[in-house]
Each structure stands twice: as structure tokens, then as C-alpha cells.
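A.B. asks: The structure under discussion is supplied below as C-alpha cells; questions concerning it will follow.
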Amino acid sequence: MEFRRQPPTPGTDSAAGGPTGSSCSARGLSGSAFEMTAHLTVWEDVLHNEQLIPEVAAIAVDAALLEGVLMRTKEEPSSSNVVNYAPFTLLPSVVPSTIFEQAYAVQQDFNLLVDTISQNAEFLERTLASTIKVDDFTAHLFKIYKQVLKEGFAQSVFLGINRSDYMIDHGADGTPALKQIEINTIAASFGGLTSRTTAVHRHILNVLGKSKEALKLLDNNPCKGIALGIAKAWELYGSARAVVMVLVADTQRNIFDQRCVENELWTRNIRVIRRQFEDVFEKASLDNDRRLYMEGQEVAVVYYREGYMPENYNKQNWEARLLIERSKAVKCPDIATQLAGTKKVQQELSQPGVVERLLPSQAEAVARIRATFTGLYSLDMDEEGAKVVAMAIADPERYVLKPQREGGGNNLYGEELKQLLEKIKDSPERASYILMDKITPRTSMNYLLRAHSPLKISECVSELGVFGVYVRQGKDIVVNKHVGHLLRTKAIEHADGGVAAGVAVLDTPYVI
Ligand code: ADP
Ligand code: MG
């Protein structure tokens, strides 16, 4: 998700020596066609050219700055006086076309599924029952949800902007399989910057004399799709004077990603304001119709780019969140949709019959969704949960242990996973986690360009995300779209962590 305060614990910084390119790129060159292409053999001719790479990297960095692939600095996160390029790969990474198309083809199904869950109070209550007993953050969200449910929703227009993230697993036989990591239903970020990254990679390929390959990079503009979704929700809200309020954190390193969306709205004559929970607490109010007013301006849409982790809240911020949720404004997402994106819900969906019951008479959509699931396991305080704990302790390298958190760097792997489970195996606390099969994508070689970091080749894995946007008015879905993609790549030393955390970097899929 959007942001994480501390760097994740596992792994070392990219300055640490990694394996050399030649030893890794030689692996996996036998077997299926995918094995042949999944490695960066497509760029092999330039990858180890010690003279060329630094020269092209310098050109690449300037291209990123020119295209606006930007971030504020760690040192000055609240000022645009000094900014830098957002980290990105020197070269695009290979994604097989079948996998890429599959990820797009299932996105509208996921939009529908999330929207359906958000309207199913019984499902949310049952699924999250064990979690909210032990996880305070989810419990707090759930409490607000129940309050709003009791009072009745003032809101009649609903807007979802999500990003479903995947890794490409490869089975023992080498066949690639698209497997979902998670779906982000709140503050799904990098739709702005990724819309500008393709041009950078096209330029790099042109400079490398690979103009044919440059032409193959697909156009990608999730930023526009996201803005159009917000614009539609704003229009259906039906007040020309009303504004869109982007709810932001106090540290705003990723402001340019947000500005991309904001600027798209301004060009459509939709006014945008940026505020924090603190401002809402101090200056927002509801009128008798539960219209939300911020400093006297009516708010049509609240677009959260904050509010997805415990650190975002104090007592006042929770009150501000409740006020917004009670209002008639279109929330993106509303609290139910945020809950629909929890890892516990994801785990429950993988149980036999669950997606089938949620989307009855939609067998094809269900099949497309199910095909992306990997093994997910409940750690509830029952016999099944106890078996799962034993299974994970016996073979910790096969799994990922996930708490109900967003933002990267919260998951546990290997020895850490084992130690924690041994500690909490008989405590109800274990139900605040879910267990997931670890996905092992093929690696590729690339250069991760990051300000103030040495230029060196890294063995990497990539994560593909597809953005989905939907708008519902009452019971009618009026927009349901996939609007673009995001490819993020990280060195294999890091098990976890996103772009803002300084682990993953922006990439562009080279679809073949
Ligand atoms: P968050 O909400 O914190 O982003 P994720 O579920 O996306 O949580 O996990 C964070 C990162 O951990 C992912 O970006 C991915 O790199 C890694 N990860 C998560 N689940 C798995 C998995 N099942 N197999 C391999 N890596 C995983
Ligand atoms: Mg994630």
C-alpha cells in the first residue's frame, strides 16, 4: 500500500553484494518456453556492458525527472524544495502475455466481488469475528462500520478504486501461474507515477538501439482511469459546487503520485482539496442531510490516501473517520470496502464454496477469480487452526505469515515465522494472522536505480498489479473497469516491502 514508516527488517540494503549476473541468468534456460523467456535473456546483450550501463543509467535518471516520475526526499518529506526521482528499474521486466491478459481479464470480477462483500454485513461480521477479538485496529474499523450500519448509510453512490497484486508462481514443471498476493481496497498507490514510467523505459530502450522493443511497451494510464472514476462519483453526487477531498498523511513523500490524479480532476473542472484527519476533526461538520462540509465547502468525494494502518489514527482521527463515514459524501473506499480488503477476508474467500455463494450464477467469474488463489489458511482457535500452525512450524520456508496490516514490511517468513508461531500457538492472538503459501517467482537480472545508491546488478522478482475502478449508484453498477497496471520489482534479498519503503522500484512490463 501507500506508505510505511520503517524499512522492513528482512534483507539487506541494495548496496550489499548480490549474485553476479552471469551465474543467475544462466539458470533455467532449459525446459518450457516460459523458462527461456522469463529470464532477462532479452537484455543479455547489454546487461553486463560495464561501459554502456552507467551511461544509460544517467540518461534514464534524467528521463525519469523529465517525465515527472518523482518523489519527495526522506529528509524533506513535506516540502517540494528538493525532490528526487522515484526508484525504478533500468530495464523493463518480462511478463508472459497469457499471464498479463489473465490479470486484466479477472479485474472486473474482483471489482464485483469486493463490491458484493462490502454490501454483505452478515459475511463481514462472520468472517471477521475471530479477528476483531484480538486485533484492535480491525476491531476499531469494524466498530465504525457497525455504527454506520445501525444509523443507516447516508451515501447512495459508491466508488471503488482497488489494485489486485500478483506474483507469477512457477510450479515444479516450470509452468507460470498468476497468483494473487492481495487486493488493496484503500489508498492503492502508484497509479500516477506508473502512468509516466512507460515513457522512461521506452526512451531507455531507444537509447540502447532497441526501438522495436520500445514500441512493444504497452500504453498505461491508470491515473486517468482513477480520475475518471472519481469524476463519475462526483457527478452522480450531484452538486457542481462540491469538492473532492484527498485525505492525506502528514508526511507526504508520495505527493506527486497523488497530484497526477488531482490534476486530472482539475482539468475536468472539479475542485480538489487536500486535508488530513486532524483538519477534519477541527473543521468539518455535517448538516441535517448529513452532507459533509469542510471549512464551508461541501465535499462530494473523500479519496483516502491515508487511514489504512494503526499509526494513522489517534482518538481524534478515529472521530474524524467516523464523521466522514456517517456523511453522504462518496467515500473511496467506504469503511465496509476497506474491511472487504482485509487479509482475513482474502483467506476466507479461498475456502470452498465461499466465492461461489457470494457470486451465485456467475460460474465463469468465479472460476477466473479462483484460478488466481494460492493456499490460504485460517489460524482460528479450532482444530483446523491448530493443524495449520503445526504444518507451518514444520516447514516455515513454504509459507508467509500475515497480520491484518497494510503498507508492507509486516509479514513474517522462515525462522521468524516459526518463532512467532511457537510463541503464540496456544493463544487467541494467533487468529489475528493468516497463513499463505509462499509464491516463488522466477528471478531476473536488472539494475534498480535509486537516488544515492550505487549502480549494481541485482537478482530480482516482480509483482504485477492491475487497477480496478467501479462506481455503484444504489444497486446499479454504472462503471466497472480495469484501468491499467503497475509492475514493481525488488531485489530477492528483500522478502517484503513496497516502493515507498525503499525496497521495490517502479518497472514496466515487457509483455511477450
Ligand atoms: P501489504 O498489505 O503490507 O502490502 P502484502 O500481502 O502485499 O502486504 O505483502 C507485502 C509483500 O510481501 C508483497 O509485496 C510481496 O513482496 C511479499 N509477499 C506477500 N505475500 C507473499 C506470498 N504469498 N509469497 C511471496 N511473497 C509474498
Ligand atoms: Mg501489498
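The values are calculated or read from the model by the stated rules, or taken from the named source; none is laboratory data. As the structure is a prediction and not an experimental result, all values here were calculated from the model. Don't worry about glycine lacking a Cβ; one is built from the backbone with ideal geometry, like all the others, and counts go over all protein chains shown. Just so you know, the surface numbers come from the protein's heavy atoms only, side chains and all, with ligands and any DNA or RNA stripped out. Shrake-Rupley method; radii C 1.70, N 1.55, O 1.52, S 1.80 Å.
A.B. asks: For VAL400, all conditions in the list (1) in contact (Cβ under 8 Å) with a residue 24 or more places away in the chain; (2) away from ligand 2 (no atom under 16 Å from the Cβ) hold save one; what is the number of the exception?
C.D. replies: The single condition VAL400 does not satisfy is (2).
A.B. asks: When region 452-494 is examined, which residues are found to be among the aliphatic types (A, V, I, L, M) and closer than 15 Å to ILE168 by Cα? Reasoning before the result, please.
C.D. replies: Taking region 452-494 as the starting set, the residues that turn out to be among the aliphatic types (A, V, I, L, M) are 455, 457, 461, 464, 466, 469, 471, 477-479, 483, 486-487, 491-492.
Result: VAL461, LEU464, VAL466, LEU486, LEU487, ILE492.
A.B. asks: For region 487-499: of the residues being open to solvent by less than 10 Å² (accessible area, probe 1.4 Å) and among the hydrophobic types (A, V, I, L, M, F, W, C), which is farthest from ligand 2 (Cβ to nearest atom)?
C.D. replies: Result: ALA491.
A.B. asks: Does ASP437 qualify as being of a type in the set (D, E, K, R), touching a Phe, Trp or Tyr at 6+ places or on another chain (Cβ under 9 Å), over 19 Å from VAL56 (Cα atoms) and open to solvent by less than 20 Å² (accessible area, probe 1.4 Å)? Steps first, answer last, please.
C.D. replies: On the way: of a type in the set (D, E, K, R): yes; touching a Phe, Trp or Tyr at 6+ places or on another chain (Cβ under 9 Å): yes; over 19 Å from VAL56 (Cα atoms): yes; open to solvent by less than 20 Å² (accessible area, probe 1.4 Å): no.
So ASP437 fails the test.
A.B. asks: Right, another one. Answer yes or no: is there a residue in region 241-262 that is over 21 Å from the mean Cα position of the chain (by Cα) and on the phi > 0 side of the Ramachandran plot.
C.D. replies: No, because not a single residue in region 241-262 is over 21 Å from the mean Cα position of the chain (by Cα) and on the phi > 0 side of the Ramachandran plot.
A.B. asks: Quick one: which helices (runs of 4 or more DSSP H) sit completely within region 299-407 and have at least 3 residues that are assigned by TED's automatic domain parsing to the domain that holds PRO428?
C.D. replies: Output list reads 383-394.
A.B. asks: Could you list, in sequence order, all residues of region 157-168 that are open to solvent by 10 Å² or more (accessible area, probe 1.4 Å), away from ligand 2 (no atom under 16 Å from the Cβ) and closer than 22 Å to ILE369 by Cα?
C.D. replies: Listed by number, the list is empty, since nothing qualifies.
A.B. asks: So which pairs qualify, if the first residue must be in region 478-497 and touching a residue at least 40 places away in the same chain (Cβ under 8 Å) and farther than 26 Å from ARG442 by Cα, the second must be open to solvent by 20 Å² or more (accessible area, probe 1.4 Å) and charged (D, E, K, R), the Cβ gap must be under 9 Å, and the two must be at least 6 apart or on different chains?
C.D. replies: VAL478/LYS232; VAL479/LYS232; VAL483/LYS224
A.B. asks: May I pose another question? Kindly indicate the residue of region 257-271 that is open to solvent by less than 90 Å² (accessible area, probe 1.4 Å) and assigned to a helix (DSSP H, G or I) and also nearest to LEU486 (Cα to Cα) among those meeting that condition.
C.D. replies: Let us first name the residues in region 257-271 that are open to solvent by less than 90 Å² (accessible area, probe 1.4 Å), namely 257-258, 260-265, 268, 270.
If we keep only those that are assigned to a helix (DSSP H, G or I) too, we end up with 257-258, 260-265.
Values: ASP257: 13, GLN258: 15, CYS260: 15, VAL261: 15, GLU262: 19, ASN263: 20, GLU264: 19, LEU265: 21 Å.
So, considering only residues that are open to solvent by less than 90 Å² (accessible area, probe 1.4 Å) and assigned to a helix (DSSP H, G or I), the one nearest to LEU486 (Cα to Cα) is ASP257.
A.B. asks: Could you go through region 441-451 and let me know if any residue there is within 16 Å of ligand 2 (Cβ to nearest atom) and among the small types (Gly, Ala, Ser).
C.D. replies: Step one: filter region 441-451 for residues within 16 Å of ligand 2 (Cβ to nearest atom), giving 441.
Of the ones still in play, those that are also among the small types (Gly, Ala, Ser) are none.
For region 441-451, residues within 16 Å of ligand 2 (Cβ to nearest atom) and among the small types (Gly, Ala, Ser): absent.
For (1) away from ligand 1 (no atom under 16 Å from the Cβ); (2) within 19 Å of the chain's Cα centre (by Cα); (3) more than 27 Å from GLN276 (Cβ to Cβ); (4) crowded, with 23+ Cβ neighbours inside 10 Å, each residue gets a yes or a no:
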position: GLY174; (1), (2), (3), (4): yes, no, yes, no
position: ILE181; (1), (2), (3), (4): no, yes, yes, no
position: ALA187; (1), (2), (3), (4): no, yes, no, yes
position: VAL200; (1), (2), (3), (4): yes, no, yes, yes
position: LEU208; (1), (2), (3), (4): yes, no, yes, no
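A.B. asks: Would you check if LEU421 is crowded, with 21+ Cβ neighbours inside 10 Å, more than 8 Å from ligand 1 (Cβ to nearest atom) and in a strand (DSSP E or B)? So that I can check it myself, show each step before the final result.
C.D. replies: Numbers: crowded, with 21+ Cβ neighbours inside 10 Å: yes; more than 8 Å from ligand 1 (Cβ to nearest atom): yes; in a strand (DSSP E or B): no.
Here the answer is no, as LEU421 does not meet what is asked.
A.B. asks: Could you name every one of the strands (runs of 3 or more DSSP E) located completely within region 464-512 that has at least 1 residues being under 18 Å from THR185 (Cβ atoms) and under 14 Å from the mean Cα position of the chain (by Cα)?
C.D. replies: On the way: elements: 476-491, 505-507, 509-511.
Passing ranges, in order: 476-491.
A.B. asks: Looking at (1) farther than 28 Å from VAL82 by Cα; (2) without any contact (Cβ under 8 Å) to a residue 24 or more places away in the chain, which is the only condition HIS452 fails?
C.D. replies: Exception for HIS452: condition (1).
A.B. asks: Looking at (1) on the phi > 0 side of the Ramachandran plot; (2) at pLDDT 95 or above, which is the only condition GLY407 fails?
C.D. replies: Exception for GLY407: condition (2).
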